[in-house]
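The values are calculated or read from the model by the stated rules, or taken from the named source; none is laboratory data. Every value quoted in this text rests on a predicted model; they were computed, and no experiment measured them. Note that each Cβ is placed from the backbone with ideal geometry, even for glycine, and that neighbours are counted across all protein chains shown. Protein only, heavy atoms only, side chains kept; ligands, DNA and RNA dropped before computing areas. Shrake-Rupley method; radii C 1.70, N 1.55, O 1.52, S 1.80 Å.
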Amino acid sequence: MRKYVWHATLLIALSGAAVSAQKVTSADGLDKAMKNAGKASGALAKALGAGDFAGAKTQSTALRQAIKDSQAFWADKKKADGVQFANDVLVKVDALDKALAAATPDKAAAGTAYREATTACGACHKVYRVTDEENNFILKPNSMN
């Protein structure tokens, strides 16, 4: 009986992991991942501003996942610079998470780490993103050539 419970637990855990990590291989998938990153980033900024470190940590986790999802796109398209841009953001999110994990989080340190993460996001945007006529970020035309 224990064997079956263990197998069921493992199956549930693996299926949850598969749902949270999406393989993004299309421009539409990248757009969805980036919209998720944007929502998480905006909510993260609000949480930091309010001193809600638990909420900030939740949004940091969502931001991390969206960047990891987008990283799959860059790897699939064999764009080493895109993969590196994503890595750079993840390093900055690590620093943010470290600031948020402190026994007593420092609002200023967390804010600085957040700004560094968004600056790292901007490096990729300069190369691969533009805004459309409705001021939404989209993949820069012909950037995959």
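Side notes on the structure shown:
- Partner aspartates and glutamates whose Cα lies under 18 Å from the Cα of LYS46, excluding those fewer than 8 positions away in the same chain, are identified as ASP97, ASP106, GLU116.
- For the stretch 19-60, accessible area per residue (1.4 Å probe, heavy atoms of protein chains only), Å²: 54 Å²
- Packing, taken as the mean count of other beta carbons within 10 Å per residue, orders the peptides 138-144, 63-69, 51-57 from highest to lowest as 63-69, 51-57, 138-144.
- Within a straight-line Cα-Cα reach of under 21 Å, LYS23 can be paired with the following lysines, leaving aside sequence neighbours fewer than 8 residues apart in one chain: LYS32, LYS35, LYS39, LYS68, LYS77, LYS78, LYS79, LYS140.
- Taking the convex hull of Cα positions in the stretch 50-145, its mean projected area over all directions (nm²): 6.7 nm²
- Burial order of peptide ranges 85-93, 111-119, 23-31, 97-105 (average beta-carbon count within 10 Å, highest first): 85-93, 111-119, 23-31, 97-105
- Sum of side-chain charges, LYS92 neighbourhood, beta-carbon under 12 Å (Lys, Arg +1; Asp, Glu -1): -1
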